[in-house]
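Peer 1: Sharing a structure below in structure tokens format, with a few things to ask.
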């Protein structure tokens, strides 16, 4: 209980501080998306949160509007890649500047509001959809026993983790072993990861 209380206090303090400090960057990204692609700037998506609660996560939109409807245009290779890993290496639905925002994880910044709200934590397993949750089978409840995170152990290693099974093992390892010092280490490594850019 004390560990969760400390984690929540840390989440509130750091997320609020980052929202204030990064507000000019939020504005710049908002304008960048608005002038380069028609549609809403903030993308909202339903994911699974703590104890299976359905939460709405926020992201800066990096794909065309109604990108989900374009899944039917995937070729066989793309379908295989997408349904195995839930993402495409070269996704034709990504908008101009979208790859840049993803490379430096800038599209994830609005999730600081999810953290402040209490639906997410700064560090934890990444929030997932039902198709992903089903892969956890008997380990579903373990995964959902803590809040999903803005960053996490998988996030800082995702350039090395090439399949979804390894990702699940990494997320569950965090659930079993998380503590305040590990969270601080992950946050520090996340900053390095963002600075270098990722291959998403």
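The values are calculated or read from the model by the stated rules, or taken from the named source; none is laboratory data. A quick note: this is a predicted structure, and the numbers were derived from the prediction, not measured. Here Cβ is always computed from backbone atoms with ideal geometry, including for glycine, and neighbour counts include all displayed protein chains.
Peer 1: Given the residues 191, 184, 116, which is the only one that is surrounded by fewer than 20 Cβ atoms within 10 Å (Cβ to Cβ), closer than 25 Å to residue 20 by Cα, under 16 Å from the mean Cα position of the chain (by Cα) and without any contact (Cβ under 8 Å) to a residue 12 or more places away in the chain?
Peer 2: 191
Peer 1: Could you tell me how many of the residues in the range 95-111 are part of a helix (DSSP H, G or I) and out of contact with any strand residue (DSSP E or B) (no Cβ under 8 Å at 6 or more places or on another chain)?
Peer 2: 3
Peer 1: Of 34, 87, which residue is assigned to a helix (DSSP H, G or I) and either at negative phi or at pLDDT 95 or above (or both)?
Peer 2: Criteria check complete, one pass: 34.
Peer 1: A follow-up question, please. Looking at (1) at pLDDT 95 or above; (2) loosely packed, with under 14 Cβ neighbours inside 10 Å, which is the one condition that is false for residue 179?
Peer 2: Evaluating residue 179 over (1) at pLDDT 95 or above; (2) loosely packed, with under 14 Cβ neighbours inside 10 Å leaves (1) as the failure.
Peer 1: Determine, yes or no, whether residue 28 is assigned to a helix (DSSP H, G or I) and either closer than 22 Å to residue 102 by Cα or modelled with pLDDT under 90 (or both).
Peer 2: yes
Peer 1: A further question on this structure: If I go through the range 1-25 residue by residue, how many of them are out of contact with any helix residue (DSSP H, G or I) (no Cβ under 9 Å at 6 or more places or on another chain) and in a helix (DSSP H, G or I)?
Peer 2: Looking only at the range 1-25, we keep the residues that are out of contact with any helix residue (DSSP H, G or I) (no Cβ under 9 Å at 6 or more places or on another chain), and these are 1-2, 4-5, 8-9, 13, 17, 20-21, 23-24.
Filter once more, so that each one left must be in a helix (DSSP H, G or I): 2, 4-5, 8-9, 13, 17, 20-21, 23-24.
Residues that pass the stated criteria total 11.
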